[in-house]
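Trainee: Dropping a structure here in structure tokens format, bear with me for questions.
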Amino acid sequence: MTKSELIAILASRYPQLAVRDTDIAVKTVLDAMTQALAGGQRIEIRGFGSFSLSVRSPRVGRNPKSGEKVIVPGKRVPHFKAGKELRERVDAAFDAEVKAAGSDFQPSSADSRIMHG
């Protein structure tokens, strides 16, 4: 789902809100989350999940073209951990999909990687 799809879904679900107001609301929430993470804060949305920062240490990498050693600087990257309710709902939807497909179910390559590591 893209940001514009989210805005369209919210606008259709709440017709009393103008699309412009929905757009502003979504952008405001995302901007606040971005600023919080940029400031080193953790974000927790109960039932959905939490966003935090992971620290990646500096390391020596290789240029794939030349094979030359390159110093990759350390950085902070956003990390999302799904909450219990979100995990349960996703699992239930996946289980329903498997049941509906019956014995003909063929997991996608992404499903196979998830199921088998």
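Trainee: Restricting to strands (runs of 3 or more DSSP E) lying wholly in the range 31-75: which have 2 or more residues that are under 30 Å from Val90 (Cβ atoms) and at pLDDT 95 or above?
Mentor: Counting at least 2 such residues, we get 43-45, 49-56.
Trainee: How about the range 13-28: which of its residues are assigned to a helix (DSSP H, G or I) and surrounded by 11 or more Cβ atoms within 10 Å (Cβ to Cβ)?
Mentor: Across the range 13-28, the qualifying residues are Val19, Asp21, Thr22, Asp23, Ile24, Ala25, Val26, Lys27.
Trainee: Among the residues of the range 6-43 satisfying the criterion of being more than 17 Å from the chain's Cα centre (by Cα) and of a type in the set (Asp, Glu), which is farthest from Lys81 (Cα to Cα)?
Mentor: Looking at the filtered set, the residue picked out is Asp21.
Trainee: Looking at the range 48-60 only, could you name the residues that are surrounded by fewer than 12 Cβ atoms within 10 Å (Cβ to Cβ) and either more than 30 Å from Val29 (Cβ to Cβ) or within 15 Å of the chain's Cα centre (by Cα) (or both)?
Mentor: Ser54, Ser57, Pro58, Arg59, Val60
Trainee: Separate question: Scan the range 50-66 for residues that are under 21 Å from His79 (Cβ atoms) and in contact (Cβ under 8 Å) with a residue 12 or more places away in the chain and jot them down.
Mentor: Scanning the range 50-66 gives Ser50, Phe51, Ser52, Leu53, Ser54, Val55, Arg56, Ser57, Pro58, Arg59.
Trainee: For the subset of the range 61-87 comprising residues that are small (Gly, Ala, Ser) and more than 25 Å from the chain's Cα centre (by Cα), which member is least open to solvent (accessible area, probe 1.4 Å)?
Mentor: Restricting to residues being small (Gly, Ala, Ser) and more than 25 Å from the chain's Cα centre (by Cα), the top hit is Gly61.
The values are calculated or read from the model by the stated rules, or taken from the named source; none is laboratory data. Predicted model, so just to flag it, every value in this text is computed and none were measured. With ideal geometry, Cβ positions are generated from the backbone for all residues, glycine too; neighbour counts draw on all protein chains shown. Just so you know, the surface numbers come from the protein's heavy atoms only, side chains and all, with ligands and any DNA or RNA stripped out. Shrake-Rupley method; radii C 1.70, N 1.55, O 1.52, S 1.80 Å.
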